[in-house]
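Presented below is the structure to which this report refers.
The values are calculated or read from the model by the stated rules, or taken from the named source; none is laboratory data. What you see is a predicted model; the values in this text were computed from it and never measured. In this analysis, Cβ positions are derived from the backbone assuming ideal geometry, glycine residues included, and neighbour counts consider all displayed protein chains. Accessible surface areas use protein heavy atoms only, side chains included; no ligands, DNA or RNA. Shrake-Rupley method; radii C 1.70, N 1.55, O 1.52, S 1.80 Å.
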Amino acid sequence: MPRKVMNFDLRHPARFSTTGAEVYAAALDMAAWADEHGFERVSVPEHHQNEDGYLSCPLLVVAAFGARTRRITVRTGVILAPLYHPLRLAEEVAVADLCTQGRLELGLGLGNVPDDFVAFGVDRTRRGQLMEELIPMLRTAWTGEPFEYQGRTVRVTPRPVRDPLPIYLGGGSRRAADRAARLADGFHTATPEYWEYYREACVAHGKGDPGPRVPRGPMFLWVTKDDPQRVREQLQPHFDHQARSYQAQADKSGMQSPGPWVPKPGERSPYEVVGPQEAIEMANRLGPDGELIFHPLLAGISPRMAWEMLDVLEHDVLPHLDH
């Protein structure tokens, strides 16, 4: 059986009827459900100033997930680290790790939306250097001992559960891959090409080859006993909202690619709607090293519809997977 992953963006666009309160309540319940059904990881991202309410405070949600779960890893994918005061980030991460009983997987990223850097008063051109400085500082801060920081003696308490707390960097460039190899404990990327750069960089920096990228299913997988095409048509407005949002962000940031949610012509769609048997076959092809990714509330999908999908997953797919 492949590893099972659940992601949430906690968007609640006004064009759909689901409220923010309903989305957040459902996400907490679904994280608990995932924990009970053997999911390996639940993950939340970070974005700012989005009209659709895209999650802006991932560490708060991480702490809430920690209160509702007992085994599942809780990942930030990713915190936009340059937008934080480093000492405050060190404190909040430590407390979030305590709330998860040491199950936090800390993913950090640079961010790229110019308006966000303006809003937080951070020089966007320095975001790479800020990250280079931040990671060693976090590792020192989490010892709980006094240390010198910008000419002052400071101390970060409480300490996180894990010592050391692992840090993963996200990114989509050769520079990001090299930075992760030098400074972090792992690399998160949706692009296989950059994973290969990361492998090369790890070897070059004496860390050893982390091996091939984990095989993954689609970015969004939905399982239904109804006609998949009809269900896809119901979900399409949510897919369209997600894709348009990332395209607009890429246009604003001057990025060449809006990322995996907006495939190039000829590429496979990141959104797949399948029947139970097809889901079982997909899972068995991925094998025990693979990952099945579910995003049940993507872009304001109603909790009612999401729970119906999870019920199909629970009763018509999970019992039939190879163990």
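List of remarks:
- Counting only DSSP beta bridges whose two residues both lie in the chain, roughly 10 percent are antiparallel.
- Reduced Cα scattering model of the chain, Debye log10 I(q)/I(0), q = 0.07, 0.13 Å⁻¹: -0.28, -1.03
- Convex hull of alpha carbon positions in the range 135-240: directionally averaged projected area 11.2 nm².
- Taking the DSSP beta bridges with both ends in the range 46-167, the antiparallel portion is around 35 percent.
- Cβ-placed point charges (K, R +1; D, E -1), dipole of the range 1-138 about Cα centre in debye, nearest 20: 340
- Solvent-accessible area per residue, Å², over the range 231-278 with all protein chains present [probe radius 1.4 Å]: 56
- Residue of Glu196, Glu145, Glu46 that the Gaussian network model of the chain assigns the largest fluctuation, springs spanning Cα pairs under 10 Å: Glu145
- Using C-alpha pairs under 8 Å with a sequence gap of at least 6, the mean separation divided by the residue count of the range 14-144 gives a relative contact order of 22 percent.
- The Stokes-Einstein estimate for the range 17-97, based on a Kirkwood radius over Cα pairs and taken at 10 °C with 1.306 mPa s viscosity, is a diffusion coefficient of 118 µm²/s.
- For the range 135-274, relative contact order (Cα pairs under 8 Å, six or more residues apart, normalised by length) works out to 16 percent.
- Helix 192-204 axis, angle to the chain major axis (alpha carbon atoms, nearest 10°): 30
- Long-range tail of P(r) for the range 71-198 (Cα pairs > 20 Å, %): 45
- Split the accessible area of the chain by element, probe 1.4 Å, and carbon with sulfur accounts for 50%.
- Degrees between helix 58-68 axis and first principal axis of the chain (Cα, 0 to 90, nearest 10): 60
- About its Cα centre, the dipole of the range 122-224 is roughly 200 debye, where the only charges are +1 on Lys and Arg Cβ and -1 on Asp and Glu Cβ.
- The chain, relative contact order in percent, only Cα pairs under 8 angstrom and at least six apart counted: 21
- Cα long-axis angle, helix 174-183 against the chain (0 to 90 degrees, to the nearest 10): 60
- Local electrostatic count, Ser253, Cβ distance below 13 Å [Lys/Arg +1, Asp/Glu -1]: 0
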